[in-house]
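Worksheet: one structure, shown below.
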4 protein chains.
Amino acid sequence: MTIKVGVLGAKGRVGQAVVEGVEVSDDLELVATIGRDDSLELLSLNGAEVVVDFTQPDSVMGNLEYCIAQGMHCVVGTTGFTDERLKQVEEWTQQEGAGHVLIAPNFAISAVLTMVFARQAAPYFETAEVVEFHHPTKLDAPSGTAIHTAQGIAESRAKAGLGAMPDATAQSLEGARGALVDGIPVHAVRTRGMVAHEEVIFGAEGQSLTIRQDSYDRNSFTPGVLLGIREIEKFPGLTYGLEEYLGL
Amino acid sequence: MTIKVGVLGAKGRVGQAVVEGVEVSDDLELVATIGRDDSLELLSLNGAEVVVDFTQPDSVMGNLEYCIAQGMHCVVGTTGFTDERLKQVEEWTQQEGAGHVLIAPNFAISAVLTMVFARQAAPYFETAEVVEFHHPTKLDAPSGTAIHTAQGIAESRAKAGLGAMPDATAQSLEGARGALVDGIPVHAVRTRGMVAHEEVIFGAEGQSLTIRQDSYDRNSFTPGVLLGIREIEKFPGLTYGLEEYLGL
Amino acid sequence: MTIKVGVLGAKGRVGQAVVEGVEVSDDLELVATIGRDDSLELLSLNGAEVVVDFTQPDSVMGNLEYCIAQGMHCVVGTTGFTDERLKQVEEWTQQEGAGHVLIAPNFAISAVLTMVFARQAAPYFETAEVVEFHHPTKLDAPSGTAIHTAQGIAESRAKAGLGAMPDATAQSLEGARGALVDGIPVHAVRTRGMVAHEEVIFGAEGQSLTIRQDSYDRNSFTPGVLLGIREIEKFPGLTYGLEEYLGL
Amino acid sequence: MTIKVGVLGAKGRVGQAVVEGVEVSDDLELVATIGRDDSLELLSLNGAEVVVDFTQPDSVMGNLEYCIAQGMHCVVGTTGFTDERLKQVEEWTQQEGAGHVLIAPNFAISAVLTMVFARQAAPYFETAEVVEFHHPTKLDAPSGTAIHTAQGIAESRAKAGLGAMPDATAQSLEGARGALVDGIPVHAVRTRGMVAHEEVIFGAEGQSLTIRQDSYDRNSFTPGVLLGIREIEKFPGLTYGLEEYLGL
């Protein structure tokens, strides 16, 4: 038994990668690829069970309203979800016969797991720092993912009752100790040739633990999308973030 | 309120490190240090609530029988526990008023977490390999920890229904692809100057996840022992392995 | 003053990357792109000063004979050069007015430097091992580059009078200690998502030195080719390998 | 033929490690160990050919004056050498029959090679950054070694005519991009359990090169000291820094 998949935004770079990922998976069947000008009805006509949406903020809500009402599940990587939008989507999913929805800001499984493991490890180490590496054309430093990771570590430390980290630095060149995100130092390295990489370094007496994530390629979200397609049947309503699907 | 701690094997190298760890902890109070020739009664006389045992296989069972019966909890890093011994200890802990027992083969939190995270991550990646690094005077290759890690990954992959890993290797120098432990390649590097280090490398389309553990020093078990002392009150009976105490 | 560049094999994947690299360089001017069916005379007619050849073993010798005789310098990444072929090319370069030739098996500067530095470091460390990481569709293990690196280390150790490396391994799973290349252990890891990566790990008392090279992309040879184009005027005759151009 | 070695400051922690290193070396013979209250004449009386000085700034000049005049070579790790002191030592070494002198701020071969290789690699990469890792009780950030490494990279880039590194960062948390040392970003990570570690990361199109040095132990200077003892006969006069002895 295969799962019948429709892809919205199938002509875009991300959509194409999803299409390829579906096509090479024996348990998935591609039944519709929808571009900006195609009718959403092609999805239902072709019997799509799960619809993947990597489109634009201005079209995603319309897509979701239609698909959810038709009972099709939706795996969504489109950006721009405010709390208000999320609340609206949740309401749609609560109708009888509604499709399930997964909306995730990051589908790269290695990045999601790095954040999850960082939260889990944080209570057991005296120190924690984040170093991220990206290409030098990136506009923001540190990356959004690194900031989220640091926030997660800080929350986890606080919950465990850990105080400020030890740091005897008395003489310092400005910037050497990184940017503090909720008390966690974050360092941003910009290296030509690199894509997107993150390292979390925990230290305790006599030992350290390093969790490192490397994205070599913009296709790195594909395995996460395929996981979403395969598991969404089990997650009624709206799920935000891939973490829950990982059962962690 | 402090926890009153007694240390068995307090003169040994490991015992000394535990003694130091207890002494620098405000929430722990060292009430007895027991050498090979001292009476175990000093533990009860001094009101020890938790006893740490890093002694020898020939003395540990006697120590445990006494302490458990006295209602003292036991944190045990001594080796040589067979299934039979574990069963015996479990029986002792089931008497009324018995102390709790934690026996762990590895108290280095970074190593324990590496194994836990490796199991958690395994279902989400097509490939997994283990590389371990030790000093060149080590007798066995790969290390016991690396073998355990690989076994955990293999179990986790099997449970998730993953098959054999892709590997197109057609021409190979003997040994290049490592030792297979339940289908997981494990590589052992021997480097002068290193202590004990392990790296688990997971790969999926366009990305990889690396979990690395470094032990720089033989004191790396101390944080795990202190964690055991602090948490053992909550874990009645016998617990084997530090994983449960980590709540993961 | 710009250098006028012609590219042979300009339609191939590698040739295209070279074309792009030349086009974005202010000091280089692309004057001719030659495919399999184009006449070599276009190179001279357009005043090419340096010709880049990433073609096939069956065409490269004809290309070189023509270009060298015309006084054009040749930067060559085509494979299949036997000693006999190299000798022939050398003879051609010794004619009056002949062009200079650079033939290199690897134009990735990071890989070339890794080999150079590994040779330089080898005499100062008791132990040395090589770990290489590639995608799981690679046919050979270890990689040719890793074998070359190990051979260079072995030669450098021998020249310095170092004997066999310490290794107390007494119990071992088969393959755990890697493949021995001239006495140097080499480990090959196959990870989905990775491209081509190599790590050389040296150890001495209390310390280690790791040299790591990552190729994220098949364009990683471009900087080495551009370096060859810019420097070839200074290197008369035939040069084999990019090392000399690096002045190391 | 063995080399006869005397050790000044033999009771200090560093001196003891040197004594042990000499004792386990078949080609070296320990002939004198001198503490603060012992006479320097024991060195000459016992026929020391090379004297190792890890003492204090207030005693080293007297030690050197005596030893050099006696024709004994001196390997010196004591700190506090000003230009004036170096000039004085150089004068002493120019007398007839004078001993040779090696003064080095860092005897850890892995750290010295990291600096040497960083200088060599710098001209070939668009970007270069330094990340150093130390225990959280370190007072200065970044470390002196990291600053020196960055300065060497900057000099090497300037000599090669490279301009400023690309960096499109437009939005940044303060400190995220590290401290600039002569234009090279340097990041200082403070991790409990670590000792002293440095990583230099170079990037070019499609590739990166990472040189990493780990000191696990305060004995990491011993191999450099032993190298100095063995090679000093070949280096008349005063040599500053271990680099020249490495022939690089």
Original post:
Identify, please: which residue in the range D:47-61 is open to solvent by 10 Å² or more (accessible area, probe 1.4 Å) and among the acidic types (Asp, Glu) and is, among those, modelled with the lowest pLDDT?
Top reply: D:Asp58
Original post:
Of the residues that make up the range B:173-182, is at least one more than 23 Å from C:Ile184 (Cα to Cα), assigned by the TED database to the domain that holds B:Glu205 and among the small types (Gly, Ala, Ser)?
Top reply: no
Original post:
Scanning for something within 12 Å of chain D (Cβ to nearest Cβ) and open to solvent by less than 40 Å² (accessible area, probe 1.4 Å), does the range C:129-144 turn up at least one residue?
Top reply: no
**OP:** Go through the range A:191-204 and count every residue that is farther than 20 Å from C:Met194 by Cα and facing chain D (nearest Cβ under 7 Å).
**Re:** 3
Original post:
Hey, any hits in the range B:177-185 for a residue that's within 14 Å of chain A (Cβ to nearest Cβ) and either at pLDDT 95 or above or out of contact with any Cys (no Cβ under 7 Å at 6 or more places or on another chain) (or both)?
Top reply: no
Original post:
Can you pull out the helices (runs of 4 or more DSSP H) entirely within the range D:37-150 that have at least 3 residues that are touching a strand residue (DSSP E or B) at 6+ places or on another chain (Cβ under 7 Å)?
Top reply: D:57-69, D:83-93, D:109-121
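Residue by residue, here is whether (1) open to solvent by 30 Å² or more (accessible area, probe 1.4 Å); (2) in contact with a Ser or Thr (Cβ under 6 Å, 6 or more places away or on another chain); (3) of a type in the set (D, E, K, R); (4) within 11 Å of another protein chain (Cβ to nearest Cβ) holds:
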site	(1), (2), (3), (4)
A:Gln88	yes, no, no, no
A:Leu102	no, yes, no, no
A:Ile109	no, no, no, yes
A:Phe117	no, no, no, yes
Original post:
away from chain C (no Cβ under 12 Å) and open to solvent by less than 50 Å² (accessible area, probe 1.4 Å) - does that describe any residue in the range D:157-165?
Top reply: yes
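Go through the range D:168-223 and give me each residue that's charged (D, E, K, R), touching a residue at least 24 places away in the same chain (Cβ under 8 Å) and more than 25 Å from D:Ala158 (Cα to Cα).
First, pick out the residues of the range D:168-223 that are charged (D, E, K, R): D:174, D:177, D:182, D:190, D:192, D:198-199, D:205, D:212, D:214, D:217-218.
With touching a residue at least 24 places away in the same chain (Cβ under 8 Å) added as a condition, the list becomes D:182, D:190, D:192, D:198-199, D:205, D:212, D:214, D:218.
Selection gives D:Arg190, D:Arg192, D:Asp214, D:Arg218.
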**OP:** For C:Leu248, work out the one condition from (1) more than 10 Å from chain D (Cβ to nearest Cβ); (2) in contact (Cβ under 8 Å) with a residue 60 or more places away in the chain; (3) among the hydrophobic types (A, V, I, L, M, F, W, C) it doesn't fulfil.
**Re:** (1)
Original post:
In this structure, does B:Gly163 turn out to be more than 19 Å from the chain's Cα centre (by Cα), touching a residue at least 24 places away in the same chain (Cβ under 8 Å) and in a loop (DSSP other than H, G, I, E, B)?
Top reply: no
Original post:
What pairs come up if the first residue lies in the range A:58-71 and is among the hydroxyl-bearing types (Ser, Thr, Tyr), the second is surrounded by 14 or more Cβ atoms within 10 Å (Cβ to Cβ), and their beta carbons are under 9 Å apart, counting only those six or more places apart or on different chains?
Top reply: A:Ser59/A:Leu8; A:Ser59/A:Gly9; A:Ser59/A:Asp53; A:Ser59/A:Thr78; A:Tyr66/A:Leu40; A:Tyr66/A:Leu43; A:Tyr66/A:Ser44; A:Tyr66/A:Met72
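When you go through C:Leu238, C:Leu209, C:Leu242, C:Leu226 one by one, which is the residue that is of a type in the set (A, V, I, L, M) and within 8 Å of chain D (Cβ to nearest Cβ)? Give the derivation first.
Values: C:Leu238 fails: within 8 Å of chain D (Cβ to nearest Cβ); C:Leu242 fails: within 8 Å of chain D (Cβ to nearest Cβ); C:Leu226 fails: within 8 Å of chain D (Cβ to nearest Cβ).
None of the other options fit; the residue is C:Leu209.
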Subject >> Pick from the range B:1-36, criterion assigned to a loop (DSSP other than H, G, I, E, B) and closer than 18 Å to A:Glu205 by Cα, ranking: most open to solvent (accessible area, probe 1.4 Å) >> reply: B:Asp26
Subject >> Index of the failed condition, D:Ile153 passing every other in (1) open to solvent by 50 Å² or more (accessible area, probe 1.4 Å); (2) touching a residue at least 40 places away in the same chain (Cβ under 8 Å); (3) assigned to a helix (DSSP H, G or I) >> reply: (1)
Original post:
Out of (1) modelled with pLDDT under 95; (2) in the same structural domain as B:Leu227 (by the TED database); (3) β-branched (Val, Ile, Thr), the odd one out for B:Thr145 is which?
Top reply: (2)
**OP:** Filter the range D:119-128 down to residues that are open to solvent by less than 10 Å² (accessible area, probe 1.4 Å) and touching a helix residue (DSSP H, G or I) at 6+ places or on another chain (Cβ under 7 Å) and give me whichever is farthest from the other protein chains (Cβ to nearest Cβ).
**Re:** D:Ala122
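The values are calculated or read from the model by the stated rules, or taken from the named source; none is laboratory data. Worth saying up front: this structure is predicted, and the values here are computed from it rather than measured. Methodologically, a virtual Cβ is constructed for each residue, glycine included, from the backbone with ideal geometry; neighbour enumeration extends over all protein chains shown. To get the accessible areas, we keep the full protein, side chains included, count just its heavy atoms, and leave off ligands, DNA and RNA. Shrake-Rupley method; radii C 1.70, N 1.55, O 1.52, S 1.80 Å.
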